[in-house]
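The structure appears right after this line, and notes come after that.
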Amino acid sequence: MQVRQAGKAVDEYLYLGKSYPLEIRLSQKNIIEVEDKLYLASPKKKYLKSYLESWYKQQARKIITERVAFYAQRAGLTYRSVAITSAETRWGSCSNEKTLNFNWRLIMAPLAVIDYVVAHELAHLTELNHSRDFWETVRKMYPLYREYRTWLKRNGELLRI
């Protein structure tokens, strides 16, 4: 996304709900680092999208897996595995085999939104539908789910490179 700062266009990217300006910094160890800005260790901006997507997927795998483990333990639920996907139309899904799938673009959303999607998919381990019992299970795991479900519906389109 481009924003204007002091009259010039600046590329900004979302990470955990916060917008970071992009800056080239060749002296760093990793191809992408996030501090006060999102730093790219390559002058080749034509590869930026693939660098970012790879970095976002790594971050998503780490953070979402941690959140799933936390909420599953708290709710006494077991699952088979966690997968990070590039699904075009879903933020998450749960298979009959207890595999939980999450879209990597969720890592751009605030952590509270990620937690809502995690609770939603974990609830499918006991209810493979969207019945009242399902939503009650989600509510027990994540009482503020309605607020973050609404956030995702309103802002999901922003979660793109």
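Express in nm, to one decimal, how much length is gained between S19 and N129 on full extension, taking 0.36 nm for each residue of separation and deducting their alpha carbon distance.
36.1 nm
Less than 17 Å apart at the alpha-carbon level, and either on another chain or at least 8 residues along: which aspartates and glutamates does that give for K45?
Counting by Cα, and skipping residues close in sequence, K45 has these aspartates and glutamates nearby: D11, E12, E23, E33, E53.
Quick one: which residues, 5 or more positions from N103 or on another chain, have an amide H under 5 Å from its amide H? H modelled 1.01 Å from N in the peptide plane, none for Pro or chain starts.
T85, G92
Run down the aspartates and glutamates and flag those whose C-alpha is under 12 Å from the C-alpha of K98, throwing out any fewer than 8 positions away in its chain.
E121, E127
Mind pulling the angle between the C-alpha long axis of helix 145-155 and the longest principal axis of the chain? Nearest 10 degrees, somewhere in 0 to 90.
40 degrees
If each DSSP helix of 4+ residues adds -39,500 (n - 2.57) and the sum is divided by the residues in the chain, what number results at 222 nm, nearest 500 deg cm²/dmol?
Details: 4 runs with 62 residues, N = 161.
My calculation for the chain gives -12500 deg cm²/dmol from helical runs alone.
Taking the simple approach of a point 7 Å from Cα along Cα-to-Cβ for both T89 and E157, what is their distance in nm?
Computed distance between label sites T89 and E157 equals 1.8 nm.
Do any GluC sites (Glu not before Pro) in region 56-161 lie in a DSSP loop with no more than 16 other beta carbon atoms within 10 Å, and if so, which?
On the way: sites: E66, E88, E97, E121, E127, E136, E147, E157; in loops: E88, E97, E127.
Passing sites in region 56-161 are E88, E97, E127.
Along the charge dipole of region 1-104, which of T99, T85, Y47 sits closest to the positive end, that is, farthest toward it, with unit charges on the beta carbon of Lys, Arg, Asp and Glu (+1, +1, -1, -1)?
Working it through, the farthest residue towards the positive pole turns out to be Y47.
Give me the extension gain from A69 to K46: residue separation times 0.36 nm, minus the current Cα-Cα distance, reported in nm with one decimal. It would help to have the intermediate numbers written out before the result.
Numbers: separation 23, 0.36 × 23 = 8.28 nm, distance 3.65 nm.
Contour length minus Cα-Cα distance gives 4.6 nm.
Taking 24 Å as the cut-off for C-alpha to C-alpha distance, list the pairs among K37/K62; K46/K153; K44/K153 that go past it.
Details: K37/K62 20 Å; K46/K153 31 Å; K44/K153 34 Å.
Flagged as over cut-off: K46/K153; K44/K153.
Where the only charges are on Cβ atoms (+1 Lys, Arg; -1 Asp, Glu), what is the dipole of the chain about its Cα centre, to the nearest 20 debye?
Working: 27 positive and 17 negative charges, 67 e Å.
Here the chain has a charge dipole of around 320 debye.
Computed from the coordinates by the stated procedures, all read-outs in this text should not be read as laboratory data. For clarity, every value in this text was computed on a predicted model and none was experimentally measured. Ideal geometry is used to build each Cβ from the backbone, glycine not excepted, and the neighbour counts take in all protein chains shown.
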